Amino acid sequence: MSMTNEMMDAIEKDLVFLATATEDGIPNVVPIGFARPLDEDTILIADNYMNKSRKNLEKNPWISLVTKDSQKNPFQFKGKVEIFESGKYFDTVTEWGQNAMTKLTPKAAILMKVEEIYSIQPGPEAGKKIE
Ligand SMILES: Cc1cc2nc3c(=O)[nH]c(=O)nc-3n(C[C@H](O)[C@H](O)[C@H](O)COP(=O)(O)O)c2cc1C
């Protein structure tokens, strides 16, 4: 399943909650403002301040995301990330940071390949994979 335009729009405009886990499976969730789809299978995230999240990603590349307004956008995204400290993805997040109201200097670009999308709509579809 690829993201629909509606899903991509929601991720672009809303805050997302990013879940990572340690190698041992201890979860960590943080809000992220700079997460934007590049296409229907890829989301670019700016690592501006990540600490535990970043350590987790270096050991375990699997993440899960939901948007803040999940009542409107009842979807859960899962996938694997790659981390870039230079190159075109890093340049893109650096540009986002430079265009922000308070200038930010990202540490890395986190590129998520969306592998699975689940419904989180309360009711019979809750938790089901969208094929
Ligand atoms: C509203 C809001 C938006 C945020 N956006 C980002 C972001 O786009 N990128 C980022 O690296 N951290 C962002 N943060 C900071 C992270 O949520 C978090 O504080 C940081 O990853 C450190 O937590 P950790 O040690 O669990 O990774 C944001 C925090 C808030 C409250």
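The values are calculated or read from the model by the stated rules, or taken from the named source; none is laboratory data. These numbers were taken from a predicted model, which means no experiment stands behind them. A quick note on method: Cβ atoms are made from the backbone with ideal geometry, for glycine too, and the neighbour counts reach across all protein chains shown. When the accessible area is computed, the model is the full protein with side chains, heavy atoms only, and any ligands, DNA or RNA have been set aside. Shrake-Rupley method; radii C 1.70, N 1.55, O 1.52, S 1.80 Å.
Residues checked against (1) farther than 17 Å from A46 by Cβ; (2) of a type in the set (S, T, Y); (3) open to solvent by less than 80 Å² (accessible area, probe 1.4 Å); (4) not in a strand (DSSP E or B):
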position	(1), (2), (3), (4)
N73	yes, no, yes, yes
V81	no, no, yes, no
Y89	no, yes, yes, yes
Y118	yes, yes, yes, no
Taking the condition of being open to solvent by 80 Å² or more (accessible area, probe 1.4 Å) and either under 12 Å from V81 (Cα atoms) or not in a helix (DSSP H, G or I) (or both), how many residues in the range 32-62 meet it? 7
I need every pair where a residue in the range 39-56 that is among the charged types (D, E, K, R) has its Cβ under 8 Å from the Cβ of a residue that is loosely packed, with under 14 Cβ neighbours inside 10 Å, sequence separation at least 6 or different chains. E40/S2; E40/T4; D41/S2; D41/K113; K55/T22
Could you please give the count of residues in the range 1-20 that are of a type in the set (S, T, Y) and either in a strand (DSSP E or B) or in contact with a strand residue (DSSP E or B) (Cβ under 8 Å, 6 or more places away or on another chain) (or both)? 2
(1) touching a Lys or Arg at 6+ places or on another chain (Cβ under 7 Å); (2) touching a residue at least 40 places away in the same chain (Cβ under 8 Å): which one isn't true of K80, the others all being true? (2)
Within the range 21-31, count every residue that is open to solvent by 30 Å² or more (accessible area, probe 1.4 Å) and either assigned to a strand (DSSP E or B) or in contact (Cβ under 8 Å) with a residue 60 or more places away in the chain (or both). 4
Search the range 91-116 for residues being open to solvent by less than 40 Å² (accessible area, probe 1.4 Å) and in a strand (DSSP E or B), and hand back the single one that is farthest from the ligand (Cβ to nearest atom). V114
Selection over the range 65-86 where residues are within 14 Å of the ligand (Cβ to nearest atom) and either of a type in the set (S, T, Y) or at pLDDT below 95 (or both) yields a count of 1
